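**Q** One structure, pasted below without further comment.
Just so you know, all these numbers are worked out from the coordinates, no wet-lab data involved. Everything numeric in this text was worked out from a predicted model, so none of it was measured. Using ideal geometry, Cβ is built from the backbone for each residue, glycine included, and neighbour counts are taken over all protein chains shown.
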Amino acid sequence: MLSHGVNLYAEIFVNAQGDRQYSSFEIKKIDLFASYFKDTAYNSFFFSSYPVKNITQIKDSGYFYNTPSTYSIEVNGGRETDKSRELIQMRMISKNPNKQIQSFYRSFQRDLKKISGLQMHIQKKYFYLPTEKIIIPANPHSQNTRDNWEDFCLSKTESVE
């Protein structure tokens with residue numbers, strides 16, 4: 001991430017009106033960033049190569065409005081409780097992302113393949129770590145599914161065939 005000049009941010013709701021706070025990831029405070037996923041005010045996180053000095057513009061108009069979108073990868077999901085964890089889904093926001101964020105995204109995809117124990121679904125091209133925790137799918141059509149992740153994936157694969 002750092003070699004590509006990309007930063008990681010968490011988006012947290014500050015109040016009921018929908019005002020947001022953006023907290024950047026710092027290597028010395030990994031536990032603080034991880035705690036956001038258990039916070040009920042957590043909304044999402046994102047990677048961005050957009051200059052941090054322009055964060056006030058982001059707060060005024062919303063992060064992905066206009067210019068910042070070409071510098072960013074939006075990441076939904078990840079909210080976690082003692083019993084469940086949401087799926088994490090990444091998407092490149094802009095159809096024409098800048099070269100820096102595009103290069104990071106490709107590198108990130110390659111690095112995922114190197115994580116020990118990480119498995120890739122053959123048909124759908126997503127990665128997962130086998131876990132005992134129940135996974136709540138982020139897909140709205142699957143919100144009521146409470147299977148183990150592997151069982152959920154296998155049932156979807158079997159129904160396709």
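**Q** Sorted by mean Cβ packing within 10 Å, highest first, what order do the peptides 27-39, 1-13, 80-92 take?
**A** Listed from highest to lowest mean packing, they are 1-13, 80-92, 27-39.
**Q** Which FRET efficiency value, to the nearest 0.05, is calculated for Gln119 and Asn15 with the Förster distance at 41 angstrom and r the Cβ-Cβ distance?
**A** 0.55
**Q** Quick query: amide H of Arg20 versus all other amide H atoms, modeled in the peptide plane; which residues come in under 5 Å with a sequence gap of 5 or more or a different chain?
**A** The list, which skips near neighbours in sequence, is Val14.
**Q** Still on this structure: With a point put 7 Å past each Cα toward its Cβ, work out how far Leu2 is from Ile30 in nm, to one decimal.
**A** 1.2 nm
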